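Just so it is clear, none of the values below were taken in a lab; they were calculated from the coordinates. These numbers were taken from a predicted model, which means no experiment stands behind them. Note that we place each Cβ from the backbone using ideal geometry, even for glycine, and neighbour counts take in every protein chain shown.
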């Protein structure tokens, strides 16, 4: 399992560096500016990228011993991560169901904010693609707890290591643990390495 985990993570990092990382001048959702941007959806919605995402996230959940019944997060960044992980878990005979958190309650139908898996009480993992300030992750944590879920752990694919995101999410997640598969520096370093010509 250790070798498989390492391989999936290594390949996922390489794909994030190739498909999702861009240098330039960008305005972030937080309102700040940055000299780089990471659009994880270019990886998580890629066929191979989805497979690697699901495998890496599922492996991390098992390695952390979170024993989750379901995985979910705030739409839209979490959606492909949730589906990919759920599919991989079912293929491996250890199903972790999926749910999505709306940004607001529906004004029609049943008016629910949690879509998909809704069994209470249940242990769940909250996921997100990129953590900057942590606002979207915190919304999902709060919605999940308000609904009646027990948050077993919180995970993001890439942590930007700025704007207090780790501290903000860590405080909201407590006593659950918050982990990131990669930091933005990991992705940047892989991107630079990929684009640096080798010399002989």
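How high is the relative contact order of the range 1-94, given as a whole-number percent (alpha carbon pairs under 8 Å, six or more residues apart)?
On the way: 98 pairs, mean separation 24.0, N = 94.
Value for the range 1-94: 26 percent.
Take each of the peptides 26-33, 181-188, 79-86, average the number of other beta-carbon atoms within 10 Å over its residues, and list them starting from the highest.
79-86, 181-188, 26-33
In whole angstrom, note down how far apart the Cα centers of the range 139-200 and the range 1-67 are.
10 Å
Gain in length, residue 47 to residue 179, computed as 0.36 nm per residue apart minus the alpha-carbon separation, to one decimal in nm?
45.1 nm
If you average 1/r over every pair of different alpha-carbon atoms in the range 71-200 and take one over that average, what Kirkwood value in Å do you get?
Across the range 71-200, the inverse of the average 1/r is 15.6 Å.
Wrap a convex hull around the Cα atoms of the range 74-148, take a quarter of its surface area, and give that in square nanometres.
Numbers: hull surface 21.2 nm².
Its average projected convex-hull area is 5.3 nm².
Between 0 and 90 degrees, rounded to the nearest ten: what's the tilt of helix 135-147 against the longest Cα principal axis of the chain?
It works out to around 20 degrees.
Quick one: helix 47-64 against the long Cα principal axis of the chain, what's the angle to the nearest 10°, folded into 0 to 90?
Relative to the chain, helix 47-64 is tipped by roughly 70 degrees.
If you consider only alpha-carbon coordinates, what radius of gyration and Dmax does the range 1-100 have, in Å?
Considering the range 1-100 through its Cα atoms, Rg and Dmax are 14.5, 44 Å.
So, in nm, how far is label residue 11 from label residue 102 when the simple model puts each one 7 Å beyond its Cα toward the Cβ?
3.7 nm
Roughly how tilted is helix 79-91, in degrees to the nearest 10 and between 0 and 90, from the longest Cα axis of the chain?
For helix 79-91, the angle is close to 80 degrees.
If I stretch the segment between residue 145 and residue 67 completely, what's the gain in nm (0.36 nm per residue apart, minus their alpha carbon distance), one decimal?
26.4 nm
Nearest 5 is fine: what % of DSSP beta bridges in the range 45-200 come out antiparallel, could you say?
Roughly 10 percent of the DSSP beta bridges within the range 45-200 come out antiparallel.
Treat each spin label as a single point 7 Å out from the Cα along the C-beta direction, and report the residue 195 to residue 25 distance in nm.
1.7 nm
So if each residue of separation counts as 0.36 nm, and I subtract the Cα-Cα distance between residue 167 and residue 33, what length gain in nm does that give? Please list the in-between numbers first.
Numbers: separation 134, 0.36 × 134 = 48.24 nm, distance 2.01 nm.
Length difference between fully extended and current span is 46.2 nm.
Just the Kirkwood number for the range 128-200, please: inverse of mean 1/r across all distinct Cα pairs, in Å, one decimal.
13.3 Å is the Kirkwood radius here.
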